[in-house]
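Engineer: Okay, here's the structure, questions in a sec.
Taken together, the values in this text are just the output of simple stated rules run on the coordinates, not laboratory data. Keep in mind that this is a model prediction, so the values were computed, not measured. As a convention, Cβ positions derive from the backbone with ideal geometry for all residues, glycine included, and neighbour counts pool all protein chains shown.
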Amino acid sequence: MHHSFHPPQRTLMGPGPSDVPPRVLAALAQPTIGHLDPCFIELMDAIKKQLQYVFQTDNPLTLPISAPGSAGMEACFVNLVSPGDTVIVCQNGVFGGRMKENVERCGATAVMVEDAWGKPVDVDKVAAAFSAHPQASLLAFVHAETSTGARSDAAALCALARENRALSIVDSVTGLAGIPVAVDAWGADAVYSGTQKCLSCVPGISPVTFSPRAVERILSRSHKVQSWFLDMQLVMAYWDGDSKRAYHHTAPVNAMYALHESLLMVEEEGLAAGHARHRRNHEALVAGLGAIGLEMAVAPEHRLPQLNAVCIPEGVDDASVRSTLLAEFDLEIGAGLGALAGKTWRIGLMGHSSRPRNVFTCLSALESILSRQGAISVAPGSAITAARSTYGADDQAH
Ligand SMILES: *Cc1c(COP(=O)(O)O)cnc(C)c1O
């Protein structure tokens with residue numbers, strides 16, 4: 001006989017998923033209705049408007065793809081890249097590599113602009129790539145590189161694409177709602193995100209937005225999009241505003257209730273206040289880590305507040321620290337990815353996980369484990385004391 005599954009209560013401070021607030025989980029548990037029910041269509045319209053707010057865009061083609069962030073990535077590439085195209089792809093971590101893979105699977109050529117892991121994309125190198133490849137029709141880059149914790153200058157990169165009459169594809173899976181994502185102000189053409197990072201919703205949905213220029217390119221394609229499921233012309237027929245909606249796929253109805261609730265929470269707090277909260281908790285974490293001798297892997301001016309890459313001190317066993325955090329503190333942090341495996345920890349302060357409570361829990365747990373292992377020797381409570389000193393009086397209540 002099988003029995004029901006009961007997951008443990010973890011504190012999620014890895015690279016996603018982040019802690020999902022009880023309100024969002026409660027929304028998920030409401031009755032399922034049909035994916036073409038008039039009430040559900042109303043919800044779809046509301047979600048589109050909410051997504052326009054978080055993406056800071058008026059793009060009519062703004063919607064959640066019914067699949068994780070990787071599907072949002074794939075949706076942007078398969079719709080905007082045609083066989084034979086040249087695409088400039090920036091790589092400064094894991095996700096740029098996936099962009100290259102997408103470009104090549106579309107039958108196009110990827111011109112790579114590589115930067116060191118932990119550094120932002122170098123705008124001058126991208127300009128040089130456009131000069132060397134004037135036929136490039138697209139620029140793709142990662143705004144917030146979750147594998148390294150580095151942030152790139154999306155405004156400058158999107159502007160560069162426009163100057164070179166190319167469209168831009170921006171991965172802001174980790175950026176959205178944690179740092180400003182200003183799609184219209186940047187002039188970005190296709191931006192995709194994910195629900196399980198700074199939106200603190202359940203995993204498995206990917207918000208995307210396409211500019212009118214991107215839509216024009218989609219409508220003027222001469223090759224059919226290779227993916228039936230992600231062909232935006234077909235998806236549009238289901239998600240588009242008019243009354244005659246066509247069945248395309250069954251939307252994850254309950255997950256949409258959750259997305260609506262999490263977007264409502266972002267609206268209630270206000271985008272700018274949310275960004276400020278992410279910054280404050282990041283500063284507290286960095287101060288606390290510094291007090292116990294842990295260094296950050298990314299230079300201060302390029303750090304993502306929601307994804308903190310920390311150098312693992314010499315001689316410390318990466319896996320044993322993480323497994324002790326999970327076993328004793330029910331706390332998940334992320335391992336290093338790709339070139340940074342074994343070299344860094346990735347501490348996420350995303351969405352609902354970005355709270356003083358989580359900062360304190362993580363710091364005291366790390367301090368206790370590293371002290372016990374003999375890796376550090378500090379007065380007990382040093383990390384928390386340093387973190388607390390960075391907060392104003394208001395924050396300590398949370
Ligand atoms: C998490 C992430 C993705 C992939 O999202 P999934 O929901 O895991 O498919 C893509 N790009 C970046 C930068 C990410 O952090």
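Engineer: Pick from GLY187, GLY293, GLY351: which is most flexible by mean-square fluctuation in a GNM of the chain where alpha carbon atoms under 10 Å apart are linked?
Structural biologist: GLY293
Engineer: At 7 Å along the Cα-to-beta-carbon direction for both ALA185 and ALA393, put a label point, then send me their distance in nm to one decimal.
Structural biologist: That separation, rounded to one decimal, is 3.2 nm.
Engineer: List the aspartates and glutamates whose Cα lies under 12 Å from the Cα of LYS343, skipping any in the same chain that are fewer than 8 positions away.
Structural biologist: LYS343 reaches GLU295, GLU314, ASP317, ASP318.
Engineer: Please find, in a Gaussian network model of the chain (springs between Cα atoms separated by less than 10 Å), the residue of HIS275, HIS35, HIS260 whose mean-square fluctuation is greatest.
Structural biologist: Its mean-square fluctuation being the largest, the pick is HIS35.
Engineer: With each label point set 7 Å from Cα along the Cα-Cβ vector, what nm distance links LYS119 and ALA341?
Structural biologist: 2.4
Engineer: Could you state the number of Å between the C-alpha centres of the stretch 1-33 and the stretch 103-148?
Structural biologist: Answer, in whole Å: 36.
Engineer: Between GLU301 and ARG221, what FRET efficiency comes out of the Förster formula 1/(1 + (r/R0)^6) with R0 = 30 Å and r the beta carbon distance, rounded to 0.05?
Structural biologist: Plugging the Cβ-Cβ distance into 1/(1 + (r/R0)^6) gives 0.15.
Engineer: Oh, and also: Given 0.36 nm per residue, what is the gain on full extension from HIS2 to ALA319 after removing their alpha carbon distance, in nm?
Structural biologist: Result for the pair: 111.0 nm of gain on full extension.
Engineer: Take every DSSP beta bridge whose two residues both sit in the stretch 21-267, then give the antiparallel share in percent to the nearest 5.
Structural biologist: 35
Engineer: In whole angstrom, how far apart do the alpha carbon centroids of the stretch 232-294 and the stretch 47-91 sit?
Structural biologist: 15
Engineer: A further question follows. Which FRET efficiency value, to the nearest 0.05, do you get for ASP240 and CYS39 by plugging their Cβ-Cβ distance into 1/(1 + (r/R0)^6) with R0 = 25 Å?
Structural biologist: Once the sixth-power term is evaluated, E becomes 0.90.
Engineer: Then there's this: Could you tell me whether the stretch 294-372 comes out rounded, prolate or oblate from its Cα gyration tensor? Rule is a ≥ b ≥ c as square roots of the eigenvalues, rounded for a/c under 1.5, then prolate if a/b exceeds b/c, otherwise oblate.
Structural biologist: In terms of gyration-tensor shape, oblate.
Engineer: Now a separate question. Show me the chymotrypsin sites (Phe, Trp or Tyr not before Pro) within the stretch 231-336 that DSSP assigns to loop and that have at most 16 other Cβ atoms within 10 Å of their Cβ.
Structural biologist: For chymotrypsin sites (Phe, Trp or Tyr not before Pro) across the stretch 231-336 that sit outside H, G, I, E and B with at most 16 neighbouring Cβ atoms in 10 Å, the list reads TYR247.
Engineer: Label the stretch 1-135 by shape, choosing from rounded, prolate and oblate, from the square roots a ≥ b ≥ c of the eigenvalues of the Cα gyration tensor; if a/c is under 1.5 it is rounded, and otherwise prolate applies when a/b is larger than b/c, oblate when it is not.
Structural biologist: Cα axes put the stretch 1-135 in the prolate bin.
Engineer: If you fit an axis through the alpha-carbon atoms of helix 154-163 and take the longest principal axis of the Cα set of the chain, what angle between them do you get, 0 to 90°, nearest 10?
Structural biologist: 20
Engineer: Once you treat every alpha carbon in the chain as an equal point and sum by Debye, what is log10 I(q)/I(0) at q = 0.09 Å⁻¹?
Structural biologist: Calculated log10 I(q)/I(0) at the listed q: -0.54.
Engineer: How much length, in nm to one decimal, is gained on full extension between GLN373 and ALA132, taken as 0.36 nm per residue of separation minus their Cα-Cα distance?
Structural biologist: Gain in length upon complete extension: 81.5 nm.
Engineer: Please work out whether the stretch 107-233 counts as rounded, prolate or oblate from its C-alpha gyration tensor, where a ≥ b ≥ c are the square roots of the eigenvalues and a/c under 1.5 means rounded, while otherwise a/b larger than b/c means prolate and anything else oblate?
Structural biologist: oblate
Engineer: Pick from CYS76, CYS39, CYS362: which is most flexible by mean-square fluctuation in a GNM of the chain where alpha carbon atoms under 10 Å apart are linked?
Structural biologist: CYS39
Engineer: May I pose another question? In Å, what Kirkwood hydrodynamic radius results for the stretch 253-398 from the alpha-carbon pair distances?
Structural biologist: Computed over Cα pairs of the stretch 253-398, the Kirkwood hydrodynamic radius comes out at 16.1 Å.
Engineer: Output the 0 to 90 degree angle, nearest 10, between the alpha-carbon long axis of helix 94-105 and the longest principal axis computed from the alpha carbons of the chain.
Structural biologist: 20
Engineer: Here's something else I'd like to know. Determine the calculated [θ] at 222 nm for the chain from helices alone, applying -39500 (n - 2.57) to every DSSP H run no shorter than 4 residues and normalising by the residue count; nearest 500 deg cm²/dmol.
Structural biologist: Computed mean residue ellipticity for the chain: -12500 deg cm²/dmol.
Engineer: Can you give me the angle between helix 318-329 and the longest principal axis of the chain, using Cα atoms only, in degrees from 0 to 90, rounded to the nearest 10?
Structural biologist: The angle comes out near 80 degrees.
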